[in-house]
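Visitor: Below you will find the structure I want to go over with you.
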Amino acid sequence: MVKQFFLISVLLLSAGILLALSDAASSIMTGDSSTVEQTEQENQIKNITLINHGGSLEGHTPRGFAGSGTGLFVGDNLNANFPEGDGVQAFITFDISPLEGTSFESVVLTSDNVHTRGTPFQDLGNLIVESVAYDRFSPRLWDQETTGFVCTLATEATSSVVCDVTATVSSLLEKGESLLQLRLRLEQAGDSDGQSDMVLFYKRGSNINEPGIFTLDTRLTQQNTEGQKQDQANTALTVPIVVHLVKDSAEASTLRTQEEVGELLKESQKIWNQAGITLEIEIDNQVLSEDLINATATGDFRQLYTLPRFDTSRLHVFYVSDLFGSNGVAVPPHIALIADKTSVDDFRATAHEIGHLLGLEHTTESRERLMFSGANGRVLSDAEITFTREFVQMGN
Ligand SMILES: [Zn+2]
């Protein structure tokens with residue numbers, strides 16, 4: 001790929017807020033005012049924002065006839081000639097070479113240019129993102145095999161979307177790739193209701209796939225220099241958590257393995273890194289008594305507090321088969337549950353429920369926020385960071 005063809009916008013933002021807050025909290029705890037001074041030179045957190053390529057490497061293609069065009073949209077019944085039950089997929093590309101050699105905490109795909117026509121989510125399911133690899137945009141891309149599921153971008157009509165692509169970007173960079181290429185599609189190609197059900201991404205007009213409709217926001221890892229590591233360690237806070245995989249407990253049993261949950265929790269940890277909070281995890285299998293299986297099956301989750309030797313000095317996250325369709329449930333002060341099937345990323349659901357156990361309420365301000373219910377946001381506000389850090393330090 002010829003790099004200079006790509007339109008790249010790199011914004012380097014100095015955002016020292018996180019550490020300033022961490023250190024303020026630390027000063028309160030230790031009474032050591034020198035901590036704050038050291039922080040002055042340490043505010044190295046930077047974000048890199050990349051925008052989608054636009055133009056010839058992007059577009060949409062239907063399955064039923066060999067056509068393709070400009071415009072980033074997915075769904076069915078695009079026009080009168082559209083084959084019955086068929087649909088359209090969209091493809092977008094980012095040049096991720098500016099991220100080579102950087103160390104990052106997270107990479108998030110977002111768009112604030114989302115439009116909906118008809119009832120795509122009700123009729124055709126969730127809007128999902130898969131990684132693909134191609135040299136040239138063409139109608140054949142419909143049949144291109146995916147290199148992996150990336151994330152769920154939306155589950156309902158909305159004007160903005162966000163999803164985590166950290167793992168995909170990391171793995172591409174490790175392989176020396178410089179392009180992130182994504183297929184956007186609804187779970188079902190189309191139905192036969194004769195109605196047009198579409199999700200469209202555009203700024204000026206629906207047939208223009210211009211750069212900047214999507215952005216890729218990368219939060220870089222704090223670059224520590226000598227002498228500063230100790231300072232940061234002083235400010236890190238730990239939340240001990242026992243993770244219970246409910247096993248051999250009839251219909252309550254989770255299908256997740258310890259290995260899967262361990263990987264999932266690594267991603268949850270990245271979210272809590274924003275607050276300088278370390279999740280200290282112990283994973284155990286948990287067999288429930290018949291009474292507790294029944295309690296779980298009837299939604300009486302509070303009964304889990306009656307488990308023998310229940311340790312109230314730690315939080316307890318239970319992985320169970322299902323929760324009446326909920327992704328997760330928090331039963332403060334110490335218990336949260338996560339279902340096997342989640343409509344958002346499971347690690348995000350886990351981080352969200354932990355947020356509740358650290359005293360946070362829902363927000364409706366933005367879907368990008370961790371505490372926005374039922375979406376894939378991961379951002380903690382400054383106020384939430386301050387609150388949870390104080391909450392942890394108070395020994396709640
Ligand atoms: Zn919630």
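The values are calculated or read from the model by the stated rules, or taken from the named source; none is laboratory data. Note that this is a predicted model, so its numbers are computed, not measured. Don't worry about glycine lacking a Cβ; one is built from the backbone with ideal geometry, like all the others, and counts go over all protein chains shown.
Visitor: Filter the stretch 134-154 for residues that are closer than 17 Å to residue 189 by Cβ and part of a loop (DSSP other than H, G, I, E, B) and give the result.
Guide: Residues satisfying the conditions are 144, 145, 146.
Visitor: Inspect all residues belonging to the stretch 134-151 and state whether any of them is of a type in the set (S, T, N, Q), surrounded by 17 or more Cβ atoms within 10 Å (Cβ to Cβ) and modelled with pLDDT of 90 or more.
Guide: No - not one qualifying residue is present in the stretch 134-151.
Visitor: Select from the stretch 165-183 the residues that are surrounded by fewer than 22 Cβ atoms within 10 Å (Cβ to Cβ) and of a type in the set (Ser, Thr, Tyr) and list them in ascending order.
Guide: 166, 170, 171, 178
Visitor: How many of the residues in the stretch 338-349 are in contact (Cβ under 8 Å) with a residue 40 or more places away in the chain, farther than 12 Å from residue 373 by Cα and either surrounded by 20 or more Cβ atoms within 10 Å (Cβ to Cβ) or among the aromatic types (Phe, Trp, Tyr) (or both)?
Guide: So the count comes out to 3.
Visitor: So for the stretch 121-133 (the condition being in contact with a helix residue (DSSP H, G or I) (Cβ under 6 Å, 6 or more places away or on another chain), at pLDDT 90 or above and either under 15 Å from residue 188 (Cα atoms) or not assigned by TED's automatic domain parsing to the domain that holds residue 266 (or both)), does at least one residue qualify?
Guide: Looking through the stretch 121-133, at least one residue is in contact with a helix residue (DSSP H, G or I) (Cβ under 6 Å, 6 or more places away or on another chain), at pLDDT 90 or above and either under 15 Å from residue 188 (Cα atoms) or not assigned by TED's automatic domain parsing to the domain that holds residue 266 (or both).
Visitor: In addition: Can you tell me which of 255, 265 is closer than 20 Å to residue 342 by Cα and in a loop (DSSP other than H, G, I, E, B)?
Guide: That would be 255, the only listed residue that is closer than 20 Å to residue 342 by Cα and in a loop (DSSP other than H, G, I, E, B).
Visitor: Here is a follow-up. When you look at residue 157, is it over 17 Å from residue 72 (Cα atoms) and either of a type outside the set (Asp, Glu) or not in a loop (DSSP other than H, G, I, E, B) (or both), yes or no?
Guide: No.
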